[in-house]
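Just so it is clear, none of the values below were taken in a lab; they were calculated from the coordinates. Note that the structure is a prediction, hence the values are computed from the model and not measured. Neighbour counts are summed over all protein chains in view; Cβ atoms, including those assigned to glycine, are modelled from backbone coordinates with ideal geometry.
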Amino acid sequence: MAAKYQAGPVRKVLNRAVMALAARGAGPDGMYILETIGRRSGLARRNPVRIIEFDGQRWLVSPYGEVGWVHNVRARDVVLLRRGHDEQRVWAEAVHGDRAGQVLHQYVKRAPVTIPYFDASPRSAPAVFAAEAHKHPVFLLHGWSETP
């Protein structure tokens, strides 16, 4: 049974630390600050996320399920990603099924800290990840500029 994500006090401190690193262009590869617009408040919301490159494209994954930023992305699919001086305004397209399963399979290999939140393991076939893709939203990012 997969663990359920809870944003307790320790997680909040870790998220702030990761965001501070990403703001300076440091920290793990692919770590960005995702800025969405709150679907109800209209205010900017920031969360640390890991962007992965797979099959020549960039992907945004919610390993923790239907968290707040996912709802905001679905409500307004143009988002801002920041890492150091690099700022990307991109369009996030929701992806489902087998394609999402392939991306999730790659994601857990690159972000092993998220493994407890999946029923599948890194050794599972992509089809096993596809079966639980409805629990871990996957977005294909369009419009990424290679020049910051």
Does the stretch 14-31 hold any residues that are over 18 Å from His142 (Cα atoms) and surrounded by 16 or more Cβ atoms within 10 Å (Cβ to Cβ), and which are they? Val18, Met19, Leu21, Ala22, Ala23, Gly27
Filter the stretch 71-87 down to the residues that are closer than 22 Å to Val18 by Cα, among the charged types (D, E, K, R) and surrounded by fewer than 21 Cβ atoms within 10 Å (Cβ to Cβ) and list them by number. Arg82, Asp86, Glu87
Which residue is surrounded by the most Cβ atoms within 10 Å (Cβ to Cβ), if the candidates are limited to the stretch 32-70 and must be touching a Lys or Arg at 6+ places or on another chain (Cβ under 6 Å) and of a type outside the set (Asp, Glu)? Tyr32
Is it the case that some residue within the stretch 108-118 is part of a strand (DSSP E or B), within 14 Å of the chain's Cα centre (by Cα) and among the β-branched types (Val, Ile, Thr)? no
Of the residues that sit in the stretch 94-148 and are in contact with a strand residue (DSSP E or B) (Cβ under 6 Å, 6 or more places away or on another chain), in contact (Cβ under 8 Å) with a residue 60 or more places away in the chain and over 14 Å from Ser62 (Cα atoms), which one is surrounded by the most Cβ atoms within 10 Å (Cβ to Cβ)? Trp144
For the list (1) hydrophobic (A, V, I, L, M, F, W, C); (2) part of a helix (DSSP H, G or I); (3) within 23 Å of Ile115 (Cβ to Cβ), I need the number of the one condition that Trp59 fails. (2)
Hey, among the residues in the stretch 83-107 that are within 13 Å of the chain's Cα centre (by Cα) and not hydrophobic (A, V, I, L, M, F, W, C), which one's nearest to Ala26 (Cα to Cα)? Tyr107
Please determine whether any residue of the stretch 31-49 is basic (Lys, Arg), part of a strand (DSSP E or B) and closer than 24 Å to Arg99 by Cα. no
Got at least one residue in the stretch 121-133 being in a strand (DSSP E or B), farther than 15 Å from Gly30 by Cβ and of a type outside the set (S, T, N, Q)? no
Would a scan of the stretch 79-88 turn up a residue that is within 21 Å of Phe118 (Cβ to Cβ), part of a strand (DSSP E or B) and not basic (Lys, Arg)? no
Looking at (1) in a helix (DSSP H, G or I); (2) crowded, with 16+ Cβ neighbours inside 10 Å, can you tell me which one Arg11 breaks? (2)
